[in-house]
1. With (1) modelled with pLDDT of 90 or more; (2) within 24 Å of residue 59 (Cβ to Cβ) as the list, and residue 178 as the residue in question, which single condition is left unmet?
2. Which residue out of 98, 87, 91 is surrounded by fewer than 19 Cβ atoms within 10 Å (Cβ to Cβ), at pLDDT below 90 and not small (Gly, Ala, Ser)?
3. Out of 185, 159, 207, which single residue is within 17 Å of residue 72 (Cβ to Cβ), at pLDDT below 95 and not hydrophobic (A, V, I, L, M, F, W, C)?
4. Among (1) closer than 14 Å to residue 119 by Cβ; (2) among the aliphatic types (A, V, I, L, M); (3) in contact (Cβ under 8 Å) with a residue 24 or more places away in the chain, where does residue 73 come up short?
5. I'm trying to understand the selection: among the residues of region 26-51, which are at pLDDT 90 or above, of a type in the set (A, V, I, L, M) and loosely packed, with under 15 Cβ neighbours inside 10 Å?
6. Would a scan of region 175-183 turn up a residue that is among the basic types (Lys, Arg), touching a residue at least 12 places away in the same chain (Cβ under 8 Å) and either in a helix (DSSP H, G or I) or closer than 30 Å to residue 14 by Cβ (or both)?
7. Search region 116-166 for residues being of a type outside the set (A, V, I, L, M, F, W, C) and free of Cβ contacts under 8 Å to residues at least 24 places away in the same chain, and hand back the single one that is surrounded by the most Cβ atoms within 10 Å (Cβ to Cβ).
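The values are calculated or read from the model by the stated rules, or taken from the named source; none is laboratory data. Just so you know, these numbers come straight off a predicted model, no measurement behind them. Glycine also receives a Cβ, built like all others from the backbone with ideal geometry; neighbour counts cover every protein chain displayed.
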Amino acid sequence: MNSFDLSIVSFINRFAQRSPTFDQLVVFLSISRLLKGGVIVGILWWVWFENDDVRRKRETLLAAIIASMPGLLIARVLSALIYRARPAVEPQLAFRLPYGMAAAGWQQVSSFPSDHALLFFALATGIFYASRRIGWFSLVYVSICICLPRLYLGEHYVTDIVAGAALGVAAVWAANRPALRRPLTSWALRWMDAKPSQFYCFAFLVTYQIAELFDPVIKIIEFIVYRRLRA
């Protein structure tokens, strides 16, 4: 463990178990998908339907969503290749769990990098490219309301958050280069123009999965795998 991560985790952990109300509020914020993915997805749709510079904004937002998918895959591969114990279960830290927090089941789950930081910083960056004013709010919201609780609860180190955020921002930056953005998103915009009902049905399902952190899809996959193993 590097001294940078150790000093910040140790400092933040000093505030744990001082107030049951505050600790439980942070736990609630961490598990509430409405306050995590729901807010960012709502902002994304808000910018999508703004009336000024509509085509460019939609290209930008689509590029961000598309770029975040391989970014998440890269994060999962890195997590499988690089095991790093989460602060809450690291014996050397003697981490003091906030009230209402349980670390059960985290022993085998790597903390590096943060897929939450990757996904939501990617989307917030796309929103920023589409609308600076709303984008600044989105970046601050992701930092304070999504990433900071994960540090406080011992789910990640600072470098896990920074690595995830950097991957997400880099993916969206690359996807929004003029030479790449249009070919990456033109098929979706043509689909929207030709068959808007189909497009918005699919777009709703995709953004719903983002708001739910893809948990419904993961459960379907787990069910199928479980059934095949039982067969």
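1. Of the numbered conditions (1) modelled with pLDDT of 90 or more; (2) within 24 Å of residue 59 (Cβ to Cβ), the odd one out for residue 178 is (1).
2. After applying the criteria, what remains is 91.
3. 207 is the lone residue from the list that is within 17 Å of residue 72 (Cβ to Cβ), at pLDDT below 95 and not hydrophobic (A, V, I, L, M, F, W, C).
4. Of the numbered conditions (1) closer than 14 Å to residue 119 by Cβ; (2) among the aliphatic types (A, V, I, L, M); (3) in contact (Cβ under 8 Å) with a residue 24 or more places away in the chain, the odd one out for residue 73 is (3).
5. Within region 26-51, 34 is the sole residue that qualifies.
6. Scanning region 175-183 turns up at least one residue that is among the basic types (Lys, Arg), touching a residue at least 12 places away in the same chain (Cβ under 8 Å) and either in a helix (DSSP H, G or I) or closer than 30 Å to residue 14 by Cβ (or both).
7. 135
Yes/no matrix, rows are residues, columns are (1) among the β-branched types (Val, Ile, Thr); (2) touching a residue at least 12 places away in the same chain (Cβ under 8 Å):
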position: 198; (1), (2): no, no
position: 203; (1), (2): no, no
position: 206; (1), (2): yes, yes
position: 211; (1), (2): no, yes
position: 216; (1), (2): no, no
position: 223; (1), (2): no, no
position: 228; (1), (2): no, no
